[in-house]
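For reference, the structure discussed in these notes is given below.
Nothing in this text is a laboratory measurement; each read-out follows from the coordinates by a stated rule. Every value quoted in this text rests on a predicted model; they were computed, and no experiment measured them. Cβ coordinates were reconstructed from backbone atoms using ideal geometry, including for glycine residues, and neighbour counts include every protein chain displayed.
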2 protein chains.
Amino acid sequence: MNAPLQTAKNAIDPLKLEKLAELAVKVGLQLQRGQDLVLTAPIAALPLARLITKHAYKAGAGLVTALYADEEATLARYAHAPDESFDRASDWLYQGMAKAFANGAARLAIAGDNPMLLASQDPQKVARANRANSTAYKPALEKISNFDINWNIVSYPNPSWARQVFPDDPEMVAVEKLANAIFAASRVDVDDPVAAWDEHNSNLRRRSSWLNEQRFAALHFTGPGTDLSVGLADGHEWHGGASTAKNGITCNPNIPTEEVFTTPHALRVEGHVSSTKPLSHQGTLIDKIEVRFEGGRIVEARAARGEEVLKKVLDTDEGARRLGEVALVPHSSPISASGILFYNTLFDENAACHIALGQCYSECFIDGASLSQEQIRSQGGNSSLIHIDWMIGSGEVDIDGVRSDGARVPVMRRGEWV
Amino acid sequence: MNAPLQTAKNAIDPLKLEKLAELAVKVGLQLQRGQDLVLTAPIAALPLARLITKHAYKAGAGLVTALYADEEATLARYAHAPDESFDRASDWLYQGMAKAFANGAARLAIAGDNPMLLASQDPQKVARANRANSTAYKPALEKISNFDINWNIVSYPNPSWARQVFPDDPEMVAVEKLANAIFAASRVDVDDPVAAWDEHNSNLRRRSSWLNEQRFAALHFTGPGTDLSVGLADGHEWHGGASTAKNGITCNPNIPTEEVFTTPHALRVEGHVSSTKPLSHQGTLIDKIEVRFEGGRIVEARAARGEEVLKKVLDTDEGARRLGEVALVPHSSPISASGILFYNTLFDENAACHIALGQCYSECFIDGASLSQEQIRSQGGNSSLIHIDWMIGSGEVDIDGVRSDGARVPVMRRGEWV
Ligand SMILES: [Zn+2]
Ligand SMILES: [Zn+2]
Ligand SMILES: [Zn+2]
Ligand SMILES: [Zn+2]
């Protein structure tokens, strides 16, 4: 790992990396004086983790606790561990994280894992390990997905990821290209990133406010291989950009972000849809997905690549076959315009309209913070161990808003806001 | 960090490092098939952590969870964090570790931090941070000090540590020298380290069996600046080398180890004693300690260097002024013979007879596993947040065993077993 790290470090603009760290703390988290921070990162992202730690303390953090994941350790497990290992997870660690969040800590995750790390491993073991991990992580994840706390995800150009994104370049060039793509998409390649994010957040707020005024009953997507009606949850609310967590702190959970999104109705999705970009799911590439919904449930699913993994994902639990999110992103978004396939949801979901299988966000309901799990379910909110976004938008997709009386309002044409 | 890591890696014999990892898993932990492992390490020890992870899985580990500490993050805290940060600790993480141990996980710690990391920081802040950390760590540490689980500490030659031990050498030479000293002391520079440890363990068992037969009431140390009677706890038991944890697994908690040790009586220590080697305590060097005991309690304490830190240590709690361990190591031990001052207790305590301030080990009582905390206390076992070993043996120190009738038996003369 040392040589790649060395290479990587020299290929990454140190000033922009520092701006990214500062942005993650100040805009991503809005970390409060005295607030603790739980930071998770791949070990190769150590340079960014250190800068984030520094800026968190400068912002008055109480205590920063960093948890590092190591791709080499994961591969050692697949190579050497006994079969029963793949049903295990660090329950105690995730329960501890949930306790930290309950006690007021914020959460910052550095993304940047090799998206193909487990591509050649036994898909049964991968699925079992993911399932065990998702189950153990649920108490902590709920505090994030229920938006109890301020949280943020930001990315670091790990060499193992850069090699996947730019396979034809030498590693140092790949890392440099990925670093610059991350800096551009995260808006830290400008003089004043904080001001740029203020403007960006107000643009996203304008879109979500318009959609909230429309109170559509459904969105209708049409395009090549797609004729899909996505019913929206009763009392759904559109969000985008900065948003206020239940602890009262307004944060930007994703850096970058280009989407406005809400909760579909788990029982009211009909028709068929084709993916428009490959989905990289925990080590496997799933491409050219085609699914058909009846009564909100996926009743047919195919993929040209990774179909076995897709079917395992759908079998995770009952909610895995239903939608928890629908999101609108213009085809002209900067990430889409970059033409780069990142194999990373944080970026790829911001290049196109998308839907997500699985868990909904309770914040995407009017007064969501005060609704019980039962109320959310009765209004159409889906529940699952998983939340997996996949891209269904492109320059060839049209979207209409459909009112409860059947009236249709054009929302997007050829992938752009009307 | 990258450059030192790079340098370090090339200076460390990869075959011996792998033998050390295998020894830590097989002899140090005796890790069981299906047993989980909690691994803690400085981030610079990543190469050894990865090899230990591999050998743990090869031995059938259920799940290995690694927690990394980063010296740079610690320094960022001292440089930038608000004052209130220094009373914080990751309670949730330590409580999680305690839960993991309660559920059957083993614990392996890689030592090798820069012993002088905090030497130039505000001693008040260092003391507060240590105290907060000790308090938070207590539930997990008790499972270790009560020997509920199999555990092990092993060392890695971090560059920041090597520079302290060999300050006159270029870093690469320092790392190579420290690596070779660790390999020699850990007995992995032989063809069959497991066989070497079998023999070593049986030698230590012979010493502790003899001491257990003697049933001394006290040990009397005499030497330059030392005239100290250390009463032994009622029902004390000597241990050394491999030992059986309450979970039934026989492990070697320390690699290396040269000591046989037992529990003194917290109320029956009288006289004065001078340290024979400097003590490196969490970033500060404490040298030429002179203390006087009355009724088991330190009533006078001086040090030529680090006296302020020593006094803070003694003020941690009531038990910090009393002894929790007395240990015998011949002056001719291989670590002593190396002539190296490691600034690391794991090594330096195995170069000389020593005593420890603070918490006792309940295993050092006959039937210790079945004794309550109250019984241990009534037999003379000490209790404290701390356990700090310091060296009082040398080639000039004599030790007598004293029976309850006052009869004296020579135990060591001029630092060697009689
Ligand atoms: Zn989304
Ligand atoms: Zn999503
Ligand atoms: Zn000892
Ligand atoms: Zn000790």
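Distance in nm between label sites at residue B:315 and residue B:122, each 7 Å beyond Cα in the beta-carbon direction?
With each label placed 7 Å out from Cα toward Cβ, I get 1.5 nm.
What does the charge count near residue A:411 come to, summing +1 for each Lys or Arg and -1 for each Asp or Glu among other residues with Cβ under 9 Å from its Cβ?
-1
Can you compute the FRET efficiency between residue B:203 and residue A:191 using 1/(1 + (r/R0)^6), with r the Cβ-Cβ distance and R0 = 60 Å? Round to the nearest 0.05.
Working: r = 70 Å, r/R0 = 1.16.
About 0.30, to the nearest 0.05.
How do A:49-56, A:404-411 rank on mean C-beta neighbours within 10 Å, highest first?
Output ranking for A:49-56, A:404-411: A:49-56, A:404-411.
Among bridges DSSP assigns within the protein assembly as shown, what percent are antiparallel (round to 5)? Walk me through the intermediate numbers first.
Values: 106 of 138 bridges.
Restricted to the protein assembly as shown, the bridges split so that about 75 percent are antiparallel.
Mind checking B:39-45 for the average number of partner chain beta-carbons within 10 Å of each residue's beta-carbon? Intermediate results must be reported in sequence, preceding the final value.
Numbers: counts 1, 0, 1, 0, 6, 0, 0.
Neighbouring Cβ atoms belonging to other protein chains average 1 per residue here.
Please state the shape class of chain A: rounded when a/c is under 1.5, otherwise prolate if a/b exceeds b/c and oblate if not, all from the C-alpha gyration tensor. Before the final figure, lay out each step's value.
Numbers: a/c = 1.35, a/b = 1.24, b/c = 1.09.
Here chain A falls in the rounded category.
Just to be sure I understand the model, the point goes 7 Å from the Cα along the line to the Cβ. What's the resulting residue A:297 to residue B:210 distance in nm?
Those two pseudo-labels are separated by 7.7 nm.
I'd like the distance between the alpha-carbon centres of segment B:343-418 and segment B:240-306, rounded to an integer number of Å.
Using only Cα atoms, the two centres lie 7 Å from each other.
Only helical DSSP H runs with n ≥ 4 go in: add -39500 (n - 2.57) per run for chain B, normalise by residue count and round the 222 nm mean residue ellipticity to 500 deg cm²/dmol.
Values: 13 runs with 145 residues, N = 418.
Calculated at 222 nm, the ellipticity per residue is -10500 deg cm²/dmol.
Given a 10 angstrom Cα cut-off, can you work out which residue in A:339, A:381, A:295 is the most mobile in a GNM of chain A?
Largest GNM mean-square fluctuation: A:339.
Would you kindly derive the ³J(HN,Hα) couplings of segment A:156-171 from the backbone phi angles with the Karplus curve 6.51 cos²θ - 1.76 cosθ + 1.60 (θ = phi - 60°), listing them in order in whole Hz, with x for Gly and Pro?
Whole-Hz 3J(HN,Hα) from phi for segment A:156-171: 10, x, 4, x, 5, 6, 4, 5, 6, 6, 10, x, 8, 9, x, 4.
Kindly flag which residue pairs out of A:26/A:246; A:16/A:143; A:16/B:125; A:54/A:177; B:125/B:288; B:16/B:54 have an alpha-carbon separation exceeding 21 Å in this structure.
In this structure, A:16/A:143; A:16/B:125; A:54/A:177; B:125/B:288 lie more than 21 Å apart at Cα.
Could you quickly flag the chain B residue whose beta carbon comes closest to the rotation axis taking B to A, and that distance in whole angstrom?
Checking which Cβ lies nearest the axis yields B:96, 2.
For residue B:222, which inter-copy label distances result when the label point lies 7 Å beyond Cα on the Cα-to-Cβ vector, reported in nm to one decimal and in ascending order?
10.5
Hey, with R₀ at 35 Å, roughly what FRET efficiency would residue B:305 and residue B:79 work out to, going by the Cβ-Cβ distance, to 0.05?
Using R0 = 35 Å, I get an efficiency of 0.90.
Compute the FRET efficiency between residue B:332 and residue B:33 as 1/(1 + (r/R0)^6), taking r as their Cβ-Cβ distance and R0 = 41 Å, and round to the nearest 0.05.
0.55
Once you have a ≥ b ≥ c as the square roots of the Cα gyration tensor eigenvalues for the protein assembly as shown, tell me rounded if a/c is under 1.5, and otherwise prolate or oblate according to whether a/b is larger than b/c.
Prolate, since a/c reaches 1.5 and a/b exceeds b/c.
Relative contact order for chain A: what percent, with Cα pairs under 8 Å and sequence separation of 6 or more?
With pairs under 8 Å counted, the relative contact order is 15 percent.
Label segment B:2-185 by shape, choosing from rounded, prolate and oblate, from the square roots a ≥ b ≥ c of the eigenvalues of the Cα gyration tensor; if a/c is under 1.5 it is rounded, and otherwise prolate applies when a/b is larger than b/c, oblate when it is not. Intermediate results must be reported in sequence, preceding the final value.
On the way: a/c = 2.15, a/b = 1.02, b/c = 2.10.
Because a/c hits 1.5 or more and a/b fails to exceed b/c, segment B:2-185 counts as oblate.
I want to check the label-to-label distance for residue B:234 and residue B:267. Put each point 7 Å from Cα in the C-beta direction and report it in nm to one decimal.
Taking the two extended label points, one gets 0.9 nm.
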